[in-house]
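*Asks:* I'd like to ask some things about the structure below.
The values are calculated or read from the model by the stated rules, or taken from the named source; none is laboratory data. Since the structure is predicted, the reported quantities are computational estimates derived from the model, not experimental observations. A quick note on method: Cβ atoms are made from the backbone with ideal geometry, for glycine too, and the neighbour counts reach across all protein chains shown. Quick note on the areas: whole protein, heavy atoms, side chains included, nothing else; ligands and nucleic acids left out. Shrake-Rupley method; radii C 1.70, N 1.55, O 1.52, S 1.80 Å.
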Amino acid sequence: MRYLPLSDADRREMLAEIGVKAIDDLFVDVPATKLMRQLVNLPKAKGELEVEREMHRLASRNTPAASVPFFVGAGAYRHHVPASVDHLIQRSEFLTSYTPYQPEITQGTLQYLFEFQTQVALLTGMDVANASMYDGSTAAGEAVLMAHRITRRKTALLPGNLHPHYAEVIRTLSHHGGAEVVSLAPEPGKAASALELAAKIDATTSCVVVQHPDVFGNIADLRPIADAAHAAGALLIVVVTEIVALGAIRAPGDMGADIVVAEGQSIGNGLNFGGPYVGLFATRDKYVRQMPGRLCGETVDAEGRRGFVLTLSTREQHIRREKATSNICTNSGLCALAFTIHMTLLGEAGLRRLAQINHANAVDLADRLSGIKGVEVLNPAFFNEFTVRVPGNATVIVDKLVDKGVLGGVPVSRLSPDATNLADLIIVASTEINTDDDRAAYAKALKEVL
């Protein structure tokens, strides 16, 4: 039988209590063109075999990342994930685990989260890390809110080379939190300048948010930017979308960052059609009580044996809502475990070697593409991702590359549709999964479509 928990009288009572006449009044902010007025055109019923065949038919319209030379990045990267990672995270004690409310029976979960925090702190060069966030973009938004709490100021300064999706999340959270955002124009071929940023910082600025490497692949020395922010009483927040980069370039914490947030998808987690991913969040010891999420700690029990606990948990379910630093109610536990297993398999030497391979592959590809007439590589320095200017509309050219069997990158106009002056730019990523043949195929295909 159907379960119908609410009667018409119940619904009328609830609508009256919140001050609307009908359920449709709750959706007035949704554009009329986006509202569905009728059911989706799907058959009422199908047999299991028929559904399976239909789903396979629909899936066959996709181009799987592993099926063609793949050079897409811009915040989500294809790396090799060892088979042991997937095998281990599917063990029942991991796959079915939930929030470790009772430490005495969830020591394994608490321990791997503690190890995860340790890895993130070491990677970012920070003092302390939490037990993960939803993803990199929401971690960036939370970092800005945290900076507002610490400085008691309400304005965030966003350089134009911050990933547009991250900037949009920050603007959304700031809007609903009564804060301001100052966004600068993008400069594709230029890393963030401390002098230019310092000129924009004032007495209301709580933080400067810098991506490292930035969305176009540029790498900056963050120390002068940190000094400029600190001189004005603001914090430096550093965003890392490609965490493998920290195997090759200097950690943000070593250059004066106050808060570091990152997308951890590159380690242990596949592209997965855009998620779930895992947000990394690290900060200085002195700011730990303003950090969102949860923090696992190491302790000893009554008999002196090593144990693990939830040391801090500023989620609204654990404390009074008005005292919570964030309304994030969970963590990306399984994705964090995948990150931890993969990072453990790599070790420091393995991560550095992986980073070297990534950089070498990207340099080789950049050399090949820059040799094509009309193509310009904009970056003076980069890790495994760079931006090229092409003679023509980048979206059209990328579509033509797809017809040639090459996924050639992300048109900048896809990330920033309103920036018409960036319509001839493609962000290209080359990781360890790209072979010499892949890079040769890209260069050949690009020559043919230009």
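*Asks:* Which of the residues belonging to the stretch 385-413 are out of contact with any Asp or Glu (no Cβ under 7 Å at 6 or more places or on another chain), in contact (Cβ under 8 Å) with a residue 40 or more places away in the chain and within 25 Å of V244 (Cβ to Cβ)?
*Replies:* Within the stretch 385-413, F386, T387, L401, V406, L407, G408, G409, V410, V412 meet the criteria.
*Asks:* Does the stretch 264-278 contain at least one residue that is in contact (Cβ under 8 Å) with a residue 40 or more places away in the chain, assigned to a helix (DSSP H, G or I), in contact with a Leu (Cβ under 9 Å, 6 or more places away or on another chain) and not acidic (D, E)?
*Replies:* no
*Asks:* Where residues in the stretch 173-209 are among the β-branched types (V, I, T) and touching a helix residue (DSSP H, G or I) at 6+ places or on another chain (Cβ under 6 Å), which of them is farthest from T283 (Cα to Cα)? Spell out the reasoning first.
*Replies:* Step one: of the stretch 173-209, the residues among the β-branched types (V, I, T) are 181-182, 201, 204-205, 208-209.
Of the ones still in play, those that are also touching a helix residue (DSSP H, G or I) at 6+ places or on another chain (Cβ under 6 Å) are 181, 208.
On the way: V181: 22, V208: 15 Å.
This residue is V181.
This table checks each residue for (1) touching a helix residue (DSSP H, G or I) at 6+ places or on another chain (Cβ under 7 Å); (2) open to solvent by 60 Å² or more (accessible area, probe 1.4 Å); (3) modelled with pLDDT under 95.
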residue: H318; (1), (2), (3): no, yes, yes
residue: N331; (1), (2), (3): no, no, yes
residue: V375; (1), (2), (3): yes, no, no
residue: F386; (1), (2), (3): yes, no, no
residue: D399; (1), (2), (3): no, yes, no
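*Asks:* Is one or more of the residues making up the stretch 160-179 among the hydrophobic types (A, V, I, L, M, F, W, C), closer than 22 Å to E263 by Cβ and in contact with a Cys (Cβ under 8 Å, 6 or more places away or on another chain)?
*Replies:* No.
*Asks:* Out of (1) surrounded by fewer than 24 Cβ atoms within 10 Å (Cβ to Cβ); (2) not in a loop (DSSP other than H, G, I, E, B), the odd one out for G233 is which?
*Replies:* Single failed check for G233: (2).
*Asks:* Starting from the stretch 141-154, take each residue that is more than 15 Å from A257 (Cβ to Cβ) and list its partners that are assigned to a helix (DSSP H, G or I) and open to solvent by 20 Å² or more (accessible area, probe 1.4 Å), counting only C-beta distances under 6 angstrom and pairs at least six apart or across chains.
*Replies:* G141/V169; G141/L173; R149/Q290
*Asks:* Here are some residues: F308, F339, F273, F281. Which one is over 21 Å from G125 (Cα atoms) and either modelled with pLDDT of 90 or more or open to solvent by less than 10 Å² (accessible area, probe 1.4 Å) (or both)?
*Replies:* F308
*Asks:* Then there's this: State which residue pairs qualify: first residue more than 18 Å from V309 (Cα to Cα) and of a type in the set (V, I, T) and inside the stretch 127-140, second residue open to solvent by 10 Å² or more (accessible area, probe 1.4 Å) and outside any loop (DSSP other than H, G, I, E, B) in any location, beta carbons under 7 Å apart, and separation of 6 or more residues or different chains.
*Replies:* As it stands, the answer is T138/V169, since those pairs meet every condition given.
*Asks:* A further question follows. Residues of the stretch 133-166 being small (G, A, S) and open to solvent by 10 Å² or more (accessible area, probe 1.4 Å), which ones? Can you show your working first?
*Replies:* From the stretch 133-166, those small (G, A, S) are 136-137, 139-141, 143, 147, 156, 160; that's our starting set.
S137, G160 - these are the residues of the stretch 133-166 that are small (G, A, S) and open to solvent by 10 Å² or more (accessible area, probe 1.4 Å).
*Asks:* For the stretch 127-159, name all the residues that are part of a helix (DSSP H, G or I) and of a type in the set (S, T, Y).
*Replies:* Filtering the stretch 127-159 down to residues part of a helix (DSSP H, G or I) leaves 136-151.
Of everything in the stretch 127-159, those that are part of a helix (DSSP H, G or I) and of a type in the set (S, T, Y) turn out to be S137, T138, T151.
*Asks:* Same structure again: Can you run down the residue pairs with Cβ atoms below 9 Å, 6 or more apart or on separate chains, where the first is in the stretch 10-39 and in contact (Cβ under 8 Å) with a residue 24 or more places away in the chain and the partner is part of a loop (DSSP other than H, G, I, E, B)?
*Replies:* Going by the 9 Å Cβ cut-off, there are no qualifying pairs.
*Asks:* Then there's this: Could you tell me which numbered condition F70 fails, if it satisfies all but one of (1) closer than 24 Å to N327 by Cβ; (2) touching a Lys or Arg at 6+ places or on another chain (Cβ under 6 Å); (3) modelled with pLDDT of 95 or more; (4) not charged (D, E, K, R)?
*Replies:* (1)
*Asks:* Being surrounded by fewer than 24 Cβ atoms within 10 Å (Cβ to Cβ), acidic (D, E) and in contact with a Lys or Arg (Cβ under 9 Å, 6 or more places away or on another chain) narrows it down to one of D221, D258, so name that one. Walk me through how you get there before you give the answer.
*Replies:* Numbers: D258 fails: surrounded by fewer than 24 Cβ atoms within 10 Å (Cβ to Cβ).
One residue alone meets the criteria, D221.
*Asks:* What single numbered condition from (1) under 19 Å from A248 (Cβ atoms); (2) touching a strand residue (DSSP E or B) at 6+ places or on another chain (Cβ under 6 Å); (3) outside any helix (DSSP H, G or I) fails to hold for A366?
*Replies:* Single failed check for A366: (3).
*Asks:* Within the stretch 183-193, is there a residue that is open to solvent by 50 Å² or more (accessible area, probe 1.4 Å) and in a strand (DSSP E or B)?
*Replies:* yes
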